[in-house]
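One structure below.
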Amino acid sequence: MTANGVPGYTGGILNMTGVRPGEAFRYDGPTMPKQVYFTQSFTSTYEAIERLIVPPPLKVDRDMPPEVQIMYFTNIGNVAFDGRPAPYQACMFMARVKHGDLAGRAGWEYVDGVHGDKTDMDVMGSWSVYFGMLKKFADIRFYPVGVNEFEVTVTRRGVRLVTMRLSLGAELPAETVAQLNAATATSGATLTVREIPDQSYTGFVDRAICVAPSNGNTISRAFSAEAGPLEFGHLDLDPLDELPVLGTHGAAVFDLCSEKELFTEMRVLEHLPREVALPAALASR
């Protein structure tokens with residue numbers, strides 16, 4: 001047993017999480033005590049956002065402007081399910097969605113280790129299944145290209161998929177940070193789509209839209225920033241260059257703490273059909 005009272009070794013596929021169901025999140029304190037975010041938003045089109053950012057069957061909220069928030073962040077203090085350190089960095093895309101009467105945000109992210117070792121954060125694979133948010137491995141780099149100017153790059157299979165630049169400004173006063181926290185708490189929950197195929201890969205064991213609360217995140221410090229150039233590349237399964245960038249704005253830099261309740265209070269919003277209609281050629285086999 002570890003100091004947190006969880007097994008020192010867990011077999012099976014849950015070896016990556018370190019604990020089995022019923023044993024997770026038993027440590028004191030937040031799951032992600034200090035994340036550092038570099039973020040900006042860009043205007044695109046509803047159609048492209050719905051196809052490339054929002055997981056089906058969720059739909060873009062067309063009562064809101066067609067915008068995507070792109071965020072580079074480091075999560076050095078992440079302790080995941082079992083309380084053991086699992087540091088990582090990520091580049092996340094989020095967009096406004098609406099499902100029935102519930103408005104929120106949905107998206108996905110690229111993930112990488114922070115010290116050149118992806119095995120530090122292989123828990124992200126199982127986390128992706130549990131949480132229902134796509135997390136794709138990539139080579140993510142963060143470079144200072146000026147005294148207060150930074151560039152983020154995301155590369156997969158030798159192809160540069162994301163190049164983002166922004167400039168850091170002055171630290172924001174405490175009252176502005178309080179306003180940011182109030183806005184975060186009312187920005188809408190995170191919606192995800194959890195899909196686990198069945199044994200024949202013709203249907204699903206579990207298929208559901210899940211929702212996680214938005215009030216589990218707290219900003220402690222924040223800085224103004226200026227959005228810079230944003231460019232996307234292309235792979236067959238990552239056709240980001242088909243996502244138009246029609247303008248960038250809304251840049252910011254901040255520290256963020258995420259409590260474990262962000263994950264333990266996630267709930268199923270709607271169970272989706274588990275059976276799928278097969279093409280005639282496949283159904284006859």
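Structure data summary
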item	result
Given (1) without any contact (Cβ under 8 Å) to a residue 60 or more places away in the chain; (2) crowded, with 18+ Cβ neighbours inside 10 Å; (3) part of a helix (DSSP H, G or I), number of the condition T153 does not satisfy	(3)
Any chance F137 is aromatic (F, W, Y) and buried (at least 18 other Cβ atoms within 10 Å of the Cβ)	no
Residues located in the stretch 87-96, provided they are within 25 Å of F232 (Cβ to Cβ) and touching a helix residue (DSSP H, G or I) at 6+ places or on another chain (Cβ under 9 Å)	Y88, Q89, A90, F93, A95, R96
Within the stretch 156-212, considering residues that are free of Cβ contacts under 8 Å to residues at least 40 places away in the same chain and among the hydroxyl-bearing types (S, T, Y), the one surrounded by the most Cβ atoms within 10 Å (Cβ to Cβ)	T184
Top-ranked residue in the stretch 104-129 [being touching a residue at least 60 places away in the same chain (Cβ under 8 Å) and aliphatic (A, V, I, L, M); ranked as nearest to D82 (Cα to Cα)]	V123
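Table: residues versus (1) touching a Phe, Trp or Tyr at 6+ places or on another chain (Cβ under 7 Å); (2) polar (S, T, N, Q).
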| residue | (1), (2) |
| --- | --- |
| K118 | yes, no |
| M133 | yes, no |
| R141 | no, no |
| S167 | no, yes |
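Yes/no matrix, rows are residues, columns are (1) aromatic (F, W, Y); (2) at pLDDT below 95; (3) in contact with a His (Cβ under 7 Å, 6 or more places away or on another chain); (4) in a strand (DSSP E or B):
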{"position": "L191", "(1), (2), (3), (4)": "no, no, yes, yes"}
{"position": "I196", "(1), (2), (3), (4)": "no, no, no, yes"}
{"position": "Y201", "(1), (2), (3), (4)": "yes, yes, no, no"}
{"position": "I209", "(1), (2), (3), (4)": "no, no, yes, yes"}
{"position": "S214", "(1), (2), (3), (4)": "no, yes, no, no"}
{"position": "A227", "(1), (2), (3), (4)": "no, no, yes, yes"}
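The values are calculated or read from the model by the stated rules, or taken from the named source; none is laboratory data. A quick note: this is a predicted structure, and the numbers were derived from the prediction, not measured. Using ideal geometry, Cβ is built from the backbone for each residue, glycine included, and neighbour counts are taken over all protein chains shown.
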